[in-house]
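First comes the structure, then the notes that go with it.
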Amino acid sequence: MSEWKVICRVDEIPVLGARRVNRPVGVDVAVFRNSSDEVFALLDRCPHKGGPLSQGIVFGTSVACPLHNWSIGLDDGCAKAPDEGCTPRFAVKVSDGVVHLDAQELESHATDLPKPVAGPMRTIEV
């Protein structure tokens, strides 16, 4: 059974935007919100060149990498053809307007990859 960690309220994530969840080890996690108020979480690292997905443009259930415009599926973390590769995704639960991520995944999932080079962005400390 999963243990869930409270991250933020849904309304703290901009519509068609993201917030970065800071992790003490490994690459941060990007939490996205689309125009239907669906929430997704991916490793904040494009599978192509490691660009910061949290700074990309959200459309539908995808995000465009800010470095090379690759389209990454928010539901599976995979690049849309003709591009290829996937970035790890994280389990998300939304309850009463509050976003939760799987605590064990936050501590252990994809902690060995280098962090992307990114500019400033609002970060959520966990």
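At-a-glance table
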read-out	value
Highest-MSF residue in the chain out of PRO52, PRO88, PRO24 [GNM, Cα springs under 10 Å]	PRO24
Per residue, in Å², the accessible surface of the chain once ligands and nucleic acids are set aside, probe 1.4 Å	51
Choice from ASN69, ASN34, ASN22 showing the highest fluctuation, given a GNM over the chain with Cα pairs closer than 10 Å	ASN69
Pair ALA81, ASN69: separation of 7 Å Cα→Cβ label points (nm)	2.1
Of PRO47, PRO66, PRO82, the one that fluctuates the most in a GNM where the chain has Cα springs shorter than 10 Å	PRO82
Fully extended contour minus Cα-Cα distance, from ILE57 to GLU3, at 0.36 nm per residue	16.4 nm
Candidate aspartates and glutamates for bridging to LYS93, where Cα separation is under 12 Å - those fewer than 8 sequence places away on the same chain excluded	GLU3, GLU38, ASP102
Accessible carbon and sulfur surface of the chain relative to its total accessible area, %, 1.4 Å	49
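The values are calculated or read from the model by the stated rules, or taken from the named source; none is laboratory data. Note that the structure is a prediction, hence the values are computed from the model and not measured. Please note: Cβ atoms are built from the backbone with ideal geometry, for glycine as well, and neighbour counts cover all protein chains shown. The protein model used for the area step is the full one, side chains on, heavy atoms only, and it has no ligands, DNA or RNA in it. Shrake-Rupley method; radii C 1.70, N 1.55, O 1.52, S 1.80 Å.
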